[in-house]
Amino acid sequence: MTKEKKFKKRKLWQKIIICLLLIILIIVLVFSALIGYLTLTEFNPDKEVPLRLTGKSQTNSVNKSREMTAVSWNIGYGALGSDADFFMDGGKSVDTADKDGVNKNLKGISSELNSINPDFILLQEVDTDAKRSSYINEASKLQSELLNQDYQSSFAENFKVKFIPYPIPPIGKVNAGIMTLSKSKISEATRVQLPCPFKWPTRVANLKRCLSINRLPIEGSDKELVIVNLHLEAYDDGDGKKAQAEMLRKYLQAEADKGNYVIAGGDFNQTFSGTDTSIIKQFNGTWKPPVLDTDKFDKSWQFLMDTKTASCRSLDKPLTSLNTNKFQFYIIDGFIVSSNIEVTSLETKQMGFKNTDHNPVVLKFKLK
């Protein structure tokens, strides 16, 4: 090989190396800029934030003498119906429903809520402006589709990210939270920040879990009915769940010590200790919910999960493609109720996970 050819070959390799270095540099700069942008715009709420109340209640106070109904339901942002799987739970999909699919699921959810006709509704995973649910304001849509329009509501944001860059295609923009609706007047609602187990930079594109504490006056009483809506941690190593459960315990006990009537409901992403889960078969390779240790709480509290019906399904595969006998289900949704409330029934309604990956849990109760 002549010196001239060797020189040209060397120049070619130099150009290739320079191009590769430039590509790497561009990727690093873009990634750094994105992390910087997400850090600057990170959702970082105060420890306690007053919540805006919308809608008009049916009554100005809770009637202590009658039986009431509360329902807790994780609606899977209207995009996790029976045909969905999700990458964070071992599936493959990111975009799990188109706009028509989301609207169809929301219609099914509102129809079931109308059928139950509860006094109180506790919803989790409600999107207000998110790519994953076609930017539908689900809070507004669901409230408008309730046949009984006499609901007052509060909305506590727990997922607010300008752009989630992973996976491919990316999740994108998410604005979501937990929504509480009541036929009785809510005198005050507060968002209480729970401990976040994630560190920077993972934290900037993650959920900021919270409690939504709703206070309702009781007719002829100086005490309050305190309804706590929650959605505890799902994707941490376990320490986050424990810290959040401990903070929940402290808040609930403080309210009970005042003599208030307390109901905490939602998606715990845990199973209460002592819960009979014999109807659930645990398959290898699927997520196993941790246990919320109820012994950490005062013995007066009532821990309620329906042991006859699964409240949640795995999203590692679409439910429609499998024999349900070979599918992973869970019992992770329920209620914690103070001792001055008489529980008359608890039922997880079997909806077949048609419109969301959770079934609604229905509590009937009376104030003592």
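The values are calculated or read from the model by the stated rules, or taken from the named source; none is laboratory data. These numbers come from a predicted model, not from an experiment. For neighbour counting, all protein chains shown are included, and Cβ atoms are generated from backbone atoms with ideal geometry for every residue, glycine included.
Please verify whether ILE109 is touching a strand residue (DSSP E or B) at 6+ places or on another chain (Cβ under 9 Å), of a type in the set (A, V, I, L, M, F, W, C), in contact (Cβ under 8 Å) with a residue 24 or more places away in the chain and surrounded by fewer than 18 Cβ atoms within 10 Å (Cβ to Cβ), treating the condition exactly as stated. Against the criterion (touching a strand residue (DSSP E or B) at 6+ places or on another chain (Cβ under 9 Å), of a type in the set (A, V, I, L, M, F, W, C), in contact (Cβ under 8 Å) with a residue 24 or more places away in the chain and surrounded by fewer than 18 Cβ atoms within 10 Å (Cβ to Cβ)), ILE109 does not qualify. Can you say whether ARG215 is under 22 Å from SER57 (Cα atoms), in contact with a strand residue (DSSP E or B) (Cβ under 7 Å, 6 or more places away or on another chain) and surrounded by fewer than 17 Cβ atoms within 10 Å (Cβ to Cβ), as far as the supplied structure shows? When the stated conditions are applied, ARG215 passes them. For the residues LYS299, LYS317, LYS349, LYS281, the requirement of being assigned by the TED database to the domain that holds GLU125 and closer than 23 Å to SER111 by Cβ singles out LYS349.
Counting only strands (runs of 3 or more DSSP E) that sit completely within the stretch 250-340, those holding 1 or more residues that are under 19 Å from the mean Cα position of the chain (by Cα), at negative phi and touching a residue at least 60 places away in the same chain (Cβ under 8 Å) correspond to 261-267, 333-337. Looking across GLU233, GLU157, GLU219, GLU188, one residue alone is among the acidic types (Asp, Glu), within 30 Å of GLY36 (Cα to Cα) and touching a residue at least 60 places away in the same chain (Cβ under 8 Å). It is GLU157. Of all residues in the stretch 70-88, at least one satisfies being in a helix (DSSP H, G or I) and of a type in the set (Gly, Ala, Ser).
With respect to the stated conditions, ASP83 is acidic (Asp, Glu) and under 30 Å from CYS312 (Cα atoms). Scanning the stretch 43-66 for residues being of a type outside the set (S, T, N, Q), outside any strand (DSSP E or B) and closer than 18 Å to ASN148 by Cα gives a total of 2.
Please go through the stretch 159-174 and give me each residue that is surrounded by 17 or more Cβ atoms within 10 Å (Cβ to Cβ) and not hydrophobic (A, V, I, L, M, F, W, C), ordered by number. Residues satisfying the conditions are LYS160, LYS162.
Let's see how each residue does on (1) over 21 Å from GLU255 (Cβ atoms); (2) of a type in the set (S, T, N, Q); (3) in contact with a Gly (Cβ under 6 Å, 6 or more places away or on another chain):
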position	(1), (2), (3)
VAL161	yes, no, no
PRO169	yes, no, no
LYS173	yes, no, no
ALA176	yes, no, no
PRO197	yes, no, yes
ASN206	yes, yes, no
CYS210	no, no, no
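From the list THR96, THR41, THR69, the lone residue that is in contact with a Lys or Arg (Cβ under 8 Å, 6 or more places away or on another chain) and without any contact (Cβ under 8 Å) to a residue 40 or more places away in the chain is THR96. Within the stretch 266-291, the residues that satisfy the criterion of being over 29 Å from SER93 (Cβ atoms) and not charged (D, E, K, R) are PHE272, SER273, GLY274, THR275, SER278, VAL291.
The residue of the stretch 99-129 that is farthest from ASP357 (Cα to Cα), among those that are part of a loop (DSSP other than H, G, I, E, B) and touching a Ser or Thr at 6+ places or on another chain (Cβ under 7 Å), is ASP119. Take SER61 and decide whether it is touching a Lys or Arg at 6+ places or on another chain (Cβ under 7 Å), hydroxyl-bearing (Ser, Thr, Tyr), farther than 30 Å from THR320 by Cα and surrounded by 14 or more Cβ atoms within 10 Å (Cβ to Cβ). Yes: the conditions hold for SER61. Taking the criterion of being in contact with a helix residue (DSSP H, G or I) (Cβ under 7 Å, 6 or more places away or on another chain), hydroxyl-bearing (Ser, Thr, Tyr) and closer than 30 Å to LYS364 by Cβ, the residues of the stretch 78-113 that qualify are SER82, SER110. Just one of the listed residues (ILE75, ILE116, ILE121) is under 30 Å from LYS366 (Cα atoms), of a type in the set (A, V, I, L, M, F, W, C) and more than 19 Å from the chain's Cα centre (by Cα), and it is ILE116.
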